[in-house]
Amino acid sequence: MRKPLVAGNWKMHGSRAMVAELLDALITDLSDGFDTSEIAVFPPSLYLSQVRDALTDSPVVWGVQNICSKDGLSGAYTGELSAGMAADFSCTYVLVGHSERRAMYGDTDSVVAAKFALIANQGLVPVLCVGETLKEREQNETSTVVSRQISAVLDSVDGSLLKNGYVIAYEPIWAIGTGVTATSQQAQEVHAEIRKLIEKHSSDMAARTRILYGGSVKASNAMDILGQSDVDGALVGGASLKAEEFLAISRAAG
Ligand code: PEP
């Protein structure tokens with residue numbers, strides 16, 4: 001049985017005051033012992049210490065949005081932070097391959113594969129983001145693109161690193177931050193294909209890997225998408241910055 005995961009990608013949003021207020025609202029609401037879905041937040045890394053202090057002993061876990069592709073621990077890489085540093089701050093998850101990083105920061109399939117391995121090597125759980133552009137969908141290339149992005153990682157990673165598993169987030173690029181979501185049928189179709197692809201590597205992994213949907217998920221559409229059999233939660237951008245919205249999505253998943 002896969003426990004749904006609802007993950008909030010805060011991107012480059014926040015301030016110390018906003019982080020305090022948002023986390024306080026989450027913790028207060030969840031104090032009734034809600035545990036039918038797992039909840040994670042991905043703040044900008046500068047706020048990691050604040051997030052860890054606030055969420056330790058709460059049901060909410062945390063992670064970072066990106067790590068350095070060159071070294072898992074330390075080195076002369078100005079401006080970067082390592083997977084080892086994320087582990088040092090008790091992160092559970094690390095996002096890798098988000099479309100914004102692929103499009104704007106040179107995260108090619110091979111860079112994504114390198115980061116994925118470094119994350120897993122630290123005992124952290126990579127959340128591998130994949131998804132097609134609108135043009136690729138219109139040209140019926142969704143399956144090809146998504147399977148290329150996933151295979152680039154799974155074909156190269158040493159299986160012994162995957163003890164803690166991984167999460168896949170299917171995020172059609174045309175649905176990210178646009179207010180347009182994939183229909184529940186479109187999401188289910190791609191998620192089922194992803195599970196079949198994972199099955200080629202390991203049927204056990206296919207059964208236990210959570211495949212999240214991401215792209216303009218909000219309280220009003222969460223139930224529909226999260227009700228699909230191969231949708232195991234959501235990666236949420238904009239709506240994760242509003243406690244009420246994010247909590248409603250988490251409850252829809254559970
Ligand atoms: C994201 O960036 O991962 C995302 C899903 O954003 P939004 O929910 O704002 O579309």
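Count Lys and Arg as plus one, Asp and Glu as minus one, and take only other residues whose Cβ is under 9 Å from that of Gly97; the net charge is then +1.
Over the chain, the pair-distance histogram of Cα-Cα distances with 5 Å bins from zero comes to 1, 6, 14, 19, 21, 18, 13, 6, 2, 0 percent, rounded to whole numbers.
Taking a ≥ b ≥ c as the square roots of the eigenvalues of the Cα gyration tensor of the range 128-254, is the shape rounded (a/c under 1.5), prolate (a/b larger than b/c) or oblate? Before the final figure, lay out the partial values.
Working: a/c = 1.95, a/b = 1.35, b/c = 1.44.
It comes out oblate by the Cα gyration axes.
Please report the net charge: other residues with Cβ closer than 14 Å to the Cβ of Val19, K and R +1, D and E -1. Please report the intermediate quantities before stating the final value.
Details: positive: Lys11, Arg16, Arg52, Lys242; negative: Glu21, Asp24, Asp53.
Around Val19, the charge tally is +1.
When nucleic acids and ligands are ignored and a 1.4 Å probe is applied, Asp71 ends up with an accessible area of around 50 Å². Note on the chain: with neighbouring protein chains present and a 1.4 Å probe, carbon and sulfur make up 51 percent of its accessible heavy-atom surface.
Sorting the segments 183-195, 156-168, 206-218 by their residues' average number of neighbouring beta-carbon atoms within 10 angstrom, most packed first, yields 206-218, 183-195, 156-168.
Residues in the range 178-188 carry Karplus couplings, in order, of 9, x, 9, 10, 5, 5, 4, 5, 4, 5, 4 Hz; the curve used is 6.51 cos²θ - 1.76 cosθ + 1.60 with θ = phi - 60°, and Gly or Pro positions show x. Listed cross-link partners Lys163/Lys242; Lys70/Lys200; Lys196/Lys218; Lys3/Lys115 are compared with a 32 Å cut-off, the Cα-Cα value being larger for Lys163/Lys242. Within the shell defined by Cβ-Cβ distances under 11 Å, the residues around Val111 carry a net charge of +2, with Lys and Arg each +1 and Asp and Glu each -1. Accessible area per residue for the range 5-253 is 44 Å², calculated with a 1.4 Å probe on protein heavy atoms, without ligands, DNA or RNA. Taking every alpha-carbon pair under 8 Å whose residues sit at least 6 apart, the range 5-253 reaches a relative contact order of 21 percent. With R₀ fixed at 25 Å, the C-beta to C-beta distance from Ile27 to Glu80 puts the FRET efficiency at about 0.25. Think of the chain as having a plus end and a minus end, set by charges on the Cβ of Lys, Arg, Asp and Glu; of Gly233, Ile173, Ile39, Ile173 sits farthest toward the positive end of this dipole.
The values are calculated or read from the model by the stated rules, or taken from the named source; none is laboratory data. Note that the structure is a prediction, hence the values are computed from the model and not measured. With ideal geometry, Cβ positions are generated from the backbone for all residues, glycine too; neighbour counts draw on all protein chains shown. We work out accessible area using only protein heavy atoms, side chains counted, and drop any ligands, DNA or RNA first. Shrake-Rupley method; radii C 1.70, N 1.55, O 1.52, S 1.80 Å.
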